[in-house]
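Worksheet: the structure to be examined is printed underneath.
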Amino acid sequence: MNNIDRLIKEKIERELQANTRRHFIKNCVTGMGGLALGSFFMSCNSFGSKNGNGKIALTERDVNPLASLAPPFPAKVKSVIYLHMAGAPSQLEMFDYKPALQKLDGQLTPQSMLEGKKFAFIRGTPKLLGPQAEFKQEGESGNWVSNFLPHFSKVVDEVAFLKAVNTDQFNHGPAQLFMQTGSPRLGRPSIGSWVTYGLGSENQNLPGFVVLTSGGKTPDAGKSVWGSGFLPSVYQGVQCRSKGDPVLYIEDPKGISRDLKKNTIDAINKINKEEFNKYSDPEILARINQYEMAYRMQTAVPEIMNINNEPEHIKEMYGVQPGKESFANNCLLARKLVEDGVRFVQLYDWGWDSHGTDHGTAVDLGLRNKCTEIDRPMSALLLDLKQRGLLDETLVVWGGEFGRTPMQENREGQEMAYKGRDHHGDAFTMWMAGGGIKKGASHGVTDEIGYSALEGKVSVHDVHATILHLLGFNHEQFTFDFQGRPFRLTDVEGHVINEILA
Amino acid sequence: MEVIQQLIGRLHPVVVHLPIGFIITGLLLQWYDRKEKQLTNIIALVFLWGFIAAIIACISGYCLYLGEGYAFDTVALHLWSGVFTALFSLLMFLRLKEVFEKNFLKRLPIVMLSFSLLFLISITGHLGGNITHGSDYLTEPLPQNIKSFLGIRVETYEMPVLQEDNWEEAFLYEDVVQPILNNKCVSCHNPKKDKGELQLDGENGILTGGENGAVLKPNDPDNSSLYTRLVLPLDHEDHMPPKDKTQLTKEEIKIIKTWIANNNNFDKKIGELGLQRELFAAFFPKTNKSLYPKARVAEASKDSIVALKNKGLHIEPISMDNNFLKVSCTNSPLFGDEDIKSLAPVIKQTVYLDLGDTKITDDVFEVISQFPNLTVLKLDNTDITGKGIEKLKGLEHLTILNLTDTGFKEEYLSVLSSVKQLKTIYLYNTPLAETNVDKIIEGTHYNFGNYKLPIMATDTIVY
């Protein structure tokens, strides 16, 4: 026996020594586990239910992940339009009237108010800044609205205010994520994703969750604010544009006719069907369905995204600017989408970060222009939904990611040329309108200068719980299993805000 | 380690039956052998086993207490009586075996030991049962009169309820405040169990206060511990009710505060005190706000629903716990008068019918009139003119009718007004809308829309 043979023999013996009886048994066990595991997967289901012809019984959702589902409880509304003012609008110039703050204008902020507080830009001791708008009690409800929103003050009786919403985030990205996903960190599904996951979509030619942006920029937190997090990605928001192609790459490439496209998809689907007959994997059916839906969307989406066909008086009421990207266009689109059975329409309008660093971000100048931009469209949206009988079954939510300080911002401790306010999450205003909402209600009271909540403080989780409640969910039971535990939009918190419910 | 501790703990409910068995056997044998005294050795052995089993039960019981997070107060009595059971079992063994010559044990009468053990084993078992099943578990099935005869408090958890027509006539203290206290406080603060020497079951007790003095300062809720303790943070030691008990609701706390602020008056009516209805909103009976009929219907056959879905109709129950259906033609714009007949299998279940944006005409009313539970009917964006709309009269649940964007004619409006049950009718973008404004006639809201937002000078100003 030569050396090489001896070495090989030694190697084999070593291996055998290493592979003890214990290993053998261990391997056997793993194998058994594998067999058991196999039966958990539907595609190789050897013990599970089968229907008569030997095929596996599929639910509608296996085939079409957007198939609509009944809510657990009778719902007040079937759709949501969420108007998010990215950058955080100043409640003190719009809805939260603080005459006492006017008297204190220009005075130094007492130290007791600053202790233990963190601000994004305020340093040292800032001065208080009185409201830069004039307020009046409007409508039968007598709720306060500023002269920055003259049209909205005519429809104020339709909405219910939350005057003391609280968030623990004071930077845009995390605060927007918190407001839209229930967590300031990445990875959780947005409200719209939860809702489309839970209810699906009524219109099978349109996405269930549409996102429209205006103001020149998308939210600071990026596309994660309409992401699906740990939910299947089919539930993420679909961003539609009011300028150019409504959805990117929705047009057929040059030289490809509609018929050719149809033939292509038919051929692919035929192959996929054969594949499904062989393996019975429901994912294949879902894919077939997605191809077909994409094909239908190619005609349905450009059609619905076209606002030119709307009558003149409607365009005038919203103040639309066809061909441009504007909040007014998006409001009109939101109505059209909801009318056609889209479940969740999310609007983002950028440009509300009124720090007072320049003309555009001054609370008495730029903010006023921003208010003019949204005043007519959002008022028109409420009225238009109402006259079409849609406001009864739609929930409209308005708000930012936080509010603003009663103090004037003093970036780096310097007095600034324009009047601005810093980020502030202790107490800010949001409103809701639509089905199940108590018209003209106002819940929550802030202190004399609008710095913190005195009564009726509600959290972001409470807002989410209320939205889900109106859609027919118990937010504590609406869960998705992920990383070994059930997750909720409200996680472990949230109480439905009954005070604003009819 | 914690796993083992928990496991041992959870064996407690099984293990506890061993000492009970041994000790009862021992006692029965003693009774049987009371004259002959032949079995003393065997009886001693039984009590030795009783002791060993009791020790095991004590250890497992302690593990259970650690693992399940009981408060020590809850288990203390059970724990100590268990330990004493074990000790007495050992004493009995030593007494019977006469292991030690000339010791104090000899002076103990066996009968006393026997009775003590019987008492201990019963009381330990009962206390243990109370911990797992609740203290009223045993007495709960007794009839009310026997309960009150035995002096067991009959707890009445009835929320105070006010009525729309006479809420001002209700007494603030008697009809609202005391029921709240009864529900949330009296179970610990009553003459039998006056924790903190406080009794909240009636006027006298409330005015007397507890070990820390008065709980009320008239007109000053912020200095009345009856109120301030309710609003302390839940984790605060002095917060009431204790963390693990049912808490007062926000509305109830507000009532207590208002009552104290109104001189904690014991015999005035709500109306006399001039309080707002809003304050009591939570105490009015909940009305059924659901739009849809209260009656329940049988489930529609699954096959017929699938068949309708395959035709492209959107059809879903209004909620998972309800058989009523919502039917919509969102995805079938070609739906026509003939197609509606295909809804026959779900005719009873359909409460919401959206025929908007389809090819239906006035002929559709004939079929629609046969949907007995129909509540919401949407006919918007169709060629409906209103001819035959009187057929809807028989639909007793019909509440919302949407005729937006149709050719609905003025002449049928009077017919429509005879459909009394309707609450809202949408008539925007019909020939009528131009000349009419929103109005409410006999409880029916006629919504003509056509809302305008007039041009304002500020619309175009740029600051």
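Things to note:
- Residue match in the stretch A:421-436 (condition: aliphatic (A, V, I, L, M), crowded, with 24+ Cβ neighbours inside 10 Å, over 16 Å from A:Asp96 (Cα atoms) and within 13 Å of chain B (Cβ to nearest Cβ)): no
- Number of residues in the stretch A:224-254 that are surrounded by 24 or more Cβ atoms within 10 Å (Cβ to Cβ) and among the basic types (Lys, Arg): the value is 0.
- Test result for B:His189, free of Cβ contacts under 8 Å to residues at least 24 places away in the same chain, in a loop (DSSP other than H, G, I, E, B) and surrounded by fewer than 18 Cβ atoms within 10 Å (Cβ to Cβ): no
- The residues in the stretch B:289-326 that are more than 14 Å from A:Glu60 (Cβ to Cβ) and within 11 Å of chain A (Cβ to nearest Cβ) can be counted, and the count is 13.
- Some residue of the stretch B:366-387 being in contact with a Pro (Cβ under 7 Å, 6 or more places away or on another chain), more than 11 Å from chain A (Cβ to nearest Cβ) and among the small types (Gly, Ala, Ser): no
- Scope the stretch A:443-470; condition within 30 Å of A:Phe230 (Cβ to Cβ) and in contact with a helix residue (DSSP H, G or I) (Cβ under 6 Å, 6 or more places away or on another chain); matching residues: A:Val460
- Figure legend. Inter-residue proximity from the stretch A:333-353: first residues within 14 Å of chain B (Cβ to nearest Cβ), second residues outside any loop (DSSP other than H, G, I, E, B) and among the aromatic types (Phe, Trp, Tyr), beta-carbon distance below 8 Å, spacing 6+ or different chains. Indicated pairs: A:Val342/A:Phe209; A:Arg343/A:Phe209.
- Checking A:His423, A:His475 one by one, the residue that is free of Cβ contacts under 8 Å to residues at least 24 places away in the same chain and under 20 Å from A:Gln180 (Cβ atoms) is A:His475 and no other.
- Candidate set: the stretch A:202-223, residues that are among the small types (Gly, Ala, Ser) and surrounded by fewer than 24 Cβ atoms within 10 Å (Cβ to Cβ); chosen: the one farthest from the other protein chains (Cβ to nearest Cβ): A:Gly222
- Of all the residues in the stretch B:438-451, those that are surrounded by 11 or more Cβ atoms within 10 Å (Cβ to Cβ) and either closer than 30 Å to A:Asn147 by Cα or facing chain A (nearest Cβ under 8 Å) (or both) number 6.
- Any hit, the stretch A:349-364, residues being more than 30 Å from A:Gln408 (Cα to Cα) and touching a Pro at 6+ places or on another chain (Cβ under 6 Å): no
- Subset tally (residues that are of a type in the set (Gly, Ala, Ser), within 14 Å of chain B (Cβ to nearest Cβ) and buried (at least 24 other Cβ atoms within 10 Å of the Cβ)) for the stretch A:59-111: 2
- The listed residues are A:Val156, A:Val165, and the only one of them that is surrounded by 18 or more Cβ atoms within 10 Å (Cβ to Cβ), within 14 Å of chain B (Cβ to nearest Cβ) and either hydroxyl-bearing (Ser, Thr, Tyr) or within 18 Å of A:Gly444 (Cβ to Cβ) (or both) turns out to be A:Val156.
For (1) in a loop (DSSP other than H, G, I, E, B); (2) in contact with a Pro (Cβ under 8 Å, 6 or more places away or on another chain); (3) of a type in the set (Val, Ile, Thr), each residue gets a yes or a no:
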position	(1), (2), (3)
B:Lys257	no, yes, no
B:Ile260	no, yes, yes
B:Gly271	no, no, no
B:Glu278	no, no, no
B:Ile315	no, no, yes
B:Asn322	yes, yes, no
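- Failed criterion for A:Pro150 (all others in (1) within 14 Å of chain B (Cβ to nearest Cβ); (2) crowded, with 23+ Cβ neighbours inside 10 Å hold): (2)
- Residue match in the stretch B:27-42 (condition: surrounded by fewer than 14 Cβ atoms within 10 Å (Cβ to Cβ) and on the phi > 0 side of the Ramachandran plot): yes
- Taken over the stretch A:334-345, residues that are touching a Ser or Thr at 6+ places or on another chain (Cβ under 8 Å) and crowded, with 24+ Cβ neighbours inside 10 Å amount to 5.
- Verdict on B:Leu432 being in contact (Cβ under 8 Å) with a residue 24 or more places away in the chain, away from chain A (no Cβ under 12 Å), farther than 28 Å from A:Tyr318 by Cα and surrounded by 16 or more Cβ atoms within 10 Å (Cβ to Cβ): no
- Helices (runs of 4 or more DSSP H) fully within the stretch A:297-400 that include at least 1 residues being closer than 28 Å to A:Tyr197 by Cβ and in contact with a strand residue (DSSP E or B) (Cβ under 9 Å, 6 or more places away or on another chain): A:327-339, A:366-387.
- Tallying residues that are in contact with a Phe, Trp or Tyr (Cβ under 6 Å, 6 or more places away or on another chain) and touching a residue at least 12 places away in the same chain (Cβ under 8 Å) within the stretch B:302-348 yields 5.
Rule-based calculations on the coordinates, nothing more; no lab input. Note that this is a predicted model, so its numbers are computed, not measured. FYI the Cβ positions are ideal-geometry reconstructions off the backbone, even for glycines, and counts take in every protein chain you see.
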